[in-house]
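Heads up, the thing below is written out as structure tokens.
Just so you know, all these numbers are worked out from the coordinates, no wet-lab data involved. This is a predicted model, so every value here is computed, not measured. Cβ placement follows ideal geometry from the backbone for every residue including glycine, while neighbour counts extend to all protein chains displayed.
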Amino acid sequence: MSQDRFTFAKALVKRAGVFAHEYYMRLDTLNIESKGHQDMVSEADRDTEALVRNAIAQAFPEDTIVGEEDGVNKGTSEYTWIIDPIDGTANFIASIPQWCVIIACVKNGEKHIGVIYDPCADELFAAEKGKGATINGTPMRVSASQSLANGSLGLGYNARGNKQSTKNAIDLLMDEGGIFFRNASGGLMLAYAASGRLIGYIEDHMLSWDCMAGLTLVEEAGGIVQEIDVADAVMNGCKVVATCPGVFDQVKALTDKSFI
């Protein structure tokens, strides 16, 4: 049955991405609410989440669903789906082609399925626990970098996080000859870490719909993820440190020092 869910998730995230992209192509007609620079929601977010929720509820009515826009629908099975209908909404509404649709599935409190679709680049990143990770069906691996000076480290920041923590991380990273990358979509940056484009990704606090799929991707692509309590993180979020093996110890030491 797990394979059924994985096949289903890959098809659904792509369908949802195509749906959201139709809104993206007509931004001038979109209704947008803003509660601050990083807290925006559009009808595209809500309608895309509704599409995903309805599809999951129809296919697997016993499963729990957690979404960014509409909270928790409690189920009775061992599976929990976690949805971010548009990760990178600020980019989306500014017509910057760096956003994605994210669907994760947790089984018995463990990361199980992660799929991220970037409609603008037509890239589908997908992973199932124990079975590796792919980009558009082709196996992908994390970077072979052994040094912070060889490659860029993805760095997230959000209004919930500690501003000083991010400043500290940038200082320490640059002192060690590294450089940071940020595109305002944590999901995409984790996918980039999983595919070897970035050497890793860090953020002092991410919500589950932003990170759970990406953490699954990184692990299944051969990377290392700092241990988290998955069940707690589903509801409350967590610190994220996810890198290729060659730099994990350096990056973890950096975040241990910088994240307050």
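Observations, loosely collected:
- Per residue, the convex hull around the alpha carbon atoms of the chain comes to 110 Å³.
- Direction-averaged projected area, Cα convex hull, region 152-258: 5.8 nm², rounded to one decimal.
- DSSP-defined beta bridges in region 152-258 - what % are antiparallel, rounded to 5: 55
- Here the peptides 4-10, 195-201 are ranked by packing, the mean other Cβ count within 10 Å, and the order with the highest first is 195-201, 4-10.
- Peptides 89-95, 159-165, 59-65 ordered by average Cβ neighbours within 10 Å, highest first: 89-95, 59-65, 159-165
- Listed peptides 184-193, 48-57, 226-235 by packing density, highest first (mean Cβ within 10 Å): 184-193, 48-57, 226-235
- Principal-axis analysis of the Cα atoms of the chain puts helix 208-220 at an angle of about 60° to the longest axis.
- For Lys129, the lysines whose Cα comes closer than 26 Å to its Cα, not counting residues fewer than 8 places off in the same chain, are Lys10, Lys14, Lys74, Lys107, Lys111, Lys239, Lys252.
- Remark on Asn162: its backbone amide H falls under 5 Å from none of the residues 5 or more positions apart or on other chains, H modelled at 1.01 Å from N.
- Centroid-to-centroid, using Cα positions, region 62-88 and region 215-260 are 22 Å apart.
- In this label model, Ala159 and Asp122 are separated by 3.6 nm, measuring between points 7 Å along each Cα→Cβ vector.
- Residue-averaged [θ]222 nm for the chain, counting only DSSP H segments that reach four residues, each worth -39500 (n - 2.57): -12000 deg cm²/dmol
- Helix 43-59 and the long axis of the chain differ in direction by around 70°, with both axes built from C-alpha atoms.
- Rg of the Cα atoms in region 2-139, relative to 2.2 N^0.38 Å, amounts to 1.03.
- Candidate aspartates and glutamates for bridging to Lys131, where Cα separation is under 18 Å - those fewer than 8 sequence places away on the same chain excluded: Asp4, Glu110, Glu219, Glu220
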